[in-house]
Protein chains: 2
Amino acid sequence: MDITTLGTRAQAASRVLATATTAQKNEALNAMADELLAASAAIGEANAQDVSAARDAGTAESLLDRLTLTETRLQGMADGLRALADLADPVGQIVRGWVNPNGVAVRQIRVPFGVIGIIYEARPNVTADAGGICLKSGNACLLRGSSSALRTNRQTITALRAGLEKAGLPADAVQLVEGPREATHELMTARGLVDVLIPRGGAGLIQTVVENSTVPVIETGTGNCHLYVDSAADLDMATTILLNAKTDRPSVCNTAETVLVHADVAAQFWARAASELAAAGVTVHADERTRALVPDAVAATEDDFVAEWLSLDLSAKVVDDIDSALEHVRQYSTGHSETIVTHDLVASERWCAEVDAAAVLVNASSRFVDGGEFGFGAEIGISTQKLHARGPMGLAEMTSTKYLVVGSGQIR
Amino acid sequence: MDITTLGTRAQAASRVLATATTAQKNEALNAMADELLAASAAIGEANAQDVSAARDAGTAESLLDRLTLTETRLQGMADGLRALADLADPVGQIVRGWVNPNGVAVRQIRVPFGVIGIIYEARPNVTADAGGICLKSGNACLLRGSSSALRTNRQTITALRAGLEKAGLPADAVQLVEGPREATHELMTARGLVDVLIPRGGAGLIQTVVENSTVPVIETGTGNCHLYVDSAADLDMATTILLNAKTDRPSVCNTAETVLVHADVAAQFWARAASELAAAGVTVHADERTRALVPDAVAATEDDFVAEWLSLDLSAKVVDDIDSALEHVRQYSTGHSETIVTHDLVASERWCAEVDAAAVLVNASSRFVDGGEFGFGAEIGISTQKLHARGPMGLAEMTSTKYLVVGSGQIR
């Protein structure tokens, strides 16, 4: 089906969703979860074919793992849909309201965007997650998954659509965009049919979408996150936070990628941190001054400070003062999450005021920058752009607003 | 100067603005107003040259009027800057905040975007208005005005920059983008240097910016605004509102362009409204059923229902029910402001729920959809897109947010 047909169907579905009650949407989410589990054999078989084809095509093991839908993962997808049913519905929430002196009442209320396009890479769980989040926020979605997961996505979407129909909502609220590469381009330029595009995947995918879309895009970002150990830091705390931020889950975007250590405390800090990082399997890529303190460290290249490692690698540098740390962050940060460890109030305030990022942290692990940790319940991604949404995006960030202006005959 | 140089200077200025106090910014706004008035002779002379050159080039009178800066208009620009000083500063406002169960405190605060690019057409007052709004919201701006206003804009910006310097803020907070057409393209693709682009002008300009920008764009929109006279309308009220919405200021985007009248009340409504509209100089472009009731009406073409007249022209149609009215609006609306006049609660609620627009009005003139009328004090435009801001954009809409996450050593 071409994008015009898909988009027109999605728009029609979105009009129904926009005025659907929360109870109807919740019923659909639970029915979608039921249908997913009921279809587990079909989905599993499709997934086995996808994985086998990918293996034959020489796909790397780590990517094969991402592509694989185990029973646990399918159960997780169903649980995720049910959890969405338990969250508050953002649609209809009053953002602000007032009465003008002439008696005209103005309310700004949350409304769905309409149709959301999501372009994503191999992980097939995104299909259910994104479909569910869009539904709960009242949006129809066009899902463009990876061709390597096509069979899995088809079966998954068939199940989700069956759930929607059981709950009396239009199946076209969730549609898969199939077809060759050109289909992605058509989706990116479907102005008037698609209200927002959200790419989910690596830096390359996001770059492509941003550069080629005429539909407004929300960037979910890459994270080259820094941790700055100030001269006034509690060094035990700094070590604990760094270990957590680096090793708790190295493959995600809120993980620490570079540590900057104030020269006054560098020797003392590395005396303990080097061995703890080594014990955790972390390879340190360091500048000269750090290498003098960490004999095992590898010499860092310029690229290492640019890198979003997403692995047990860590760039390290000694800085002379907080100004140098701020300057380094300004130069290399992707604007995701930037942390200072310090007991100095002035340093903490400067960090909060001067660092330009979605999240700025003081004495806490950047692993907290997450929709779940923020209490949003569900998350479509973490925005590193400044327009519309910045940081973890929950259900409220999946909505627009409109003004209701109610009078009794007033004119200007 | 090329965009890279301009953008780099703007970024440096934006870092100073981001942490400037409200008092500093207000001092600068007042100094900018002083300098504008002090430079009135130079600005007036430059403007006379621009107007003369435009006249020689055969520019239409209406456009020459837009280009002309009278003393009253210059005074208005200065007054506008001083009025901005009186408005609340959005920067630093806490949007929401909470403490997680583990004691980590999270605050979402308003921060400037950084660098805003504004691409606009002939009106030279935009130079001061946009420069002032950007400054108050903590943003540096790159202003790309029309080449026909180049001399005027140069002198205006020289005055604004002098005011900034007098208040101890960087002059590069306001810069003019000169040069040939390619400069506009460079501005639209200056990702990483420019955070947001706001086009201000006609539909053609906005379309060009949307299609060619890789920088995120906020569309300020065109308004094909409808007024639906329901069968349960107070017809006197409907006539009064229509006259106001059509004739109060026909050249602006929140003016009514099409009236849809329920068949049951069409004869009665037009019996009075036709003569009042005619007396106000309005030409009615009507469908067959309306023409049977309004002998003076011109036959409407399909294009007339698409048109944003911005003049004393009005399209008119008889509809059989609210569903037909909603369908017409769905097909032709630009999503700006859509009005129902009715005393029927169900009709009013359906209109509010089903119309997809920045503002949905009941029994009030669409002329109220305006930053000033909403109490925002200043307005950079009215957004008709759904991302980030929708409807009148005040100072708060000129900001992004960031999360401050403060702990005492917590890890995940």
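The values are calculated or read from the model by the stated rules, or taken from the named source; none is laboratory data. It should be emphasised that the depicted structure is a prediction, and the values quoted were computed from it without experimental measurement. Quick reminder, even Gly has a Cβ in these numbers, built from the backbone with ideal geometry, and neighbours come from all protein chains shown. The protein model used for the area step is the full one, side chains on, heavy atoms only, and it has no ligands, DNA or RNA in it. Shrake-Rupley method; radii C 1.70, N 1.55, O 1.52, S 1.80 Å.
Summary table
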quantity	calculated
In segment A:212-224, residue most open to solvent (accessible area, probe 1.4 Å) [restricted to those that are of a type outside the set (D, E, K, R), more than 19 Å from A:GLN175 (Cβ to Cβ) and within 12 Å of chain B (Cβ to nearest Cβ)]	A:ASN212
Residue in segment B:1-32 that is farthest from the other protein chains (Cβ to nearest Cβ), counting only those that are surrounded by fewer than 16 Cβ atoms within 10 Å (Cβ to Cβ) and either within 18 Å of B:LEU142 (Cα to Cα) or of a type in the set (D, E, K, R) (or both)	B:MET1
In segment A:382-412, residue farthest from the chain's Cα centre (by Cα) [restricted to those that are open to solvent by 10 Å² or more (accessible area, probe 1.4 Å) and closer than 16 Å to A:ILE116 by Cα]	A:THR401
Failed item, numbered, when A:LEU310 is tested on (1) open to solvent by less than 40 Å² (accessible area, probe 1.4 Å); (2) of a type in the set (A, V, I, L, M, F, W, C); (3) at pLDDT below 95	(1)
B:ASP323 being surrounded by fewer than 21 Cβ atoms within 10 Å (Cβ to Cβ), within 14 Å of chain A (Cβ to nearest Cβ), acidic (Asp, Glu) and over 29 Å from the mean Cα position of the chain (by Cα)	yes
Filter pass, A:SER315 being more than 12 Å from chain B (Cβ to nearest Cβ), open to solvent by less than 10 Å² (accessible area, probe 1.4 Å) and at pLDDT 95 or above	yes
Residue within segment A:93-108 that is among the basic types (Lys, Arg) and out of contact with any strand residue (DSSP E or B) (no Cβ under 9 Å at 6 or more places or on another chain) present	no
Residues within segment A:344-371 that are within 10 Å of chain B (Cβ to nearest Cβ) and assigned to a loop (DSSP other than H, G, I, E, B), tallied	7
Residue in segment B:123-133 that is crowded, with 24+ Cβ neighbours inside 10 Å and assigned to a loop (DSSP other than H, G, I, E, B) present	yes
Condition broken by B:GLN331, with the remaining ones in (1) among the polar types (S, T, N, Q); (2) surrounded by fewer than 22 Cβ atoms within 10 Å (Cβ to Cβ); (3) facing chain A (nearest Cβ under 10 Å) satisfied	(3)
Members of segment B:307-343 that are more than 15 Å from B:ALA256 (Cβ to Cβ), in a helix (DSSP H, G or I) and among the hydrophobic types (A, V, I, L, M, F, W, C)	B:ILE322, B:LEU326
Matching residues in segment B:69-99 - criterion: being of a type in the set (S, T, N, Q) and touching a residue at least 12 places away in the same chain (Cβ under 8 Å)	B:GLN75, B:GLN93
Filtered residues of segment B:346-358 (kept if in contact with a helix residue (DSSP H, G or I) (Cβ under 7 Å, 6 or more places away or on another chain) and under 18 Å from B:CYS225 (Cβ atoms))	B:GLU354, B:VAL355
The lone exception for A:ALA39 - which of (1) over 25 Å from the mean Cα position of the chain (by Cα); (2) buried (at least 21 other Cβ atoms within 10 Å of the Cβ); (3) not charged (D, E, K, R) it fails	(2)
Subset of segment B:392-412 [within 7 Å of chain A (Cβ to nearest Cβ) and polar (S, T, N, Q)]	B:SER400, B:THR401, B:SER408, B:GLN410
Scan of segment B:161-185 for residues that are touching a residue at least 24 places away in the same chain (Cβ under 8 Å) and within 24 Å of the chain's Cα centre (by Cα), ordered by number	B:ALA173, B:VAL174, B:GLN175, B:LEU176, B:VAL177, B:GLU178, B:ALA183, B:THR184, B:HIS185
Residue that is nearest to B:VAL215 (Cα to Cα), among those in segment A:186-211 that are part of a loop (DSSP other than H, G, I, E, B), within 11 Å of chain B (Cβ to nearest Cβ) and out of contact with any Phe, Trp or Tyr (no Cβ under 9 Å at 6 or more places or on another chain)	A:THR189
Inter-residue pairs, beta-carbon under 7 Å, first free of Cβ contacts under 8 Å to residues at least 12 places away in the same chain and in segment A:35-56, second among the small types (Gly, Ala, Ser) and surrounded by fewer than 16 Cβ atoms within 10 Å (Cβ to Cβ), 6+ apart	none
Matching residues, segment A:372-391, being more than 8 Å from chain B (Cβ to nearest Cβ) and assigned to a strand (DSSP E or B)	A:GLY381, A:ILE382, A:SER383
Per-region count, segment A:50-89, residues polar (S, T, N, Q), over 19 Å from A:ALA130 (Cα atoms) and surrounded by 14 or more Cβ atoms within 10 Å (Cβ to Cβ)	1
The lone exception for B:ILE133 - which of (1) within 14 Å of another protein chain (Cβ to nearest Cβ); (2) β-branched (Val, Ile, Thr); (3) closer than 13 Å to B:ALA173 by Cα it fails	(1)
Filtered residue count, segment A:97-106, keeping only those that are in a strand (DSSP E or B) and within 10 Å of chain B (Cβ to nearest Cβ)	3
First in segment B:149-160 and closer than 22 Å to B:LEU64 by Cβ and part of a helix (DSSP H, G or I), second anywhere and open to solvent by 70 Å² or more (accessible area, probe 1.4 Å) and at pLDDT 95 or above, Cβ under 6 Å, 6 or more apart	B:ARG151/B:GLN49
In segment A:192-211, the residues that are surrounded by fewer than 18 Cβ atoms within 10 Å (Cβ to Cβ) and closer than 22 Å to A:THR8 by Cβ	A:GLY192
Top-ranked residue of segment B:392-412 - restricted to ones that are hydrophobic (A, V, I, L, M, F, W, C) and outside any loop (DSSP other than H, G, I, E, B), ranked as farthest from A:LEU235 (Cα to Cα)	B:MET393
Scan of segment A:239-279 for residues that are open to solvent by 10 Å² or more (accessible area, probe 1.4 Å), within 11 Å of chain B (Cβ to nearest Cβ) and of a type in the set (S, T, N, Q), ordered by number	A:THR240, A:ASN244, A:THR247
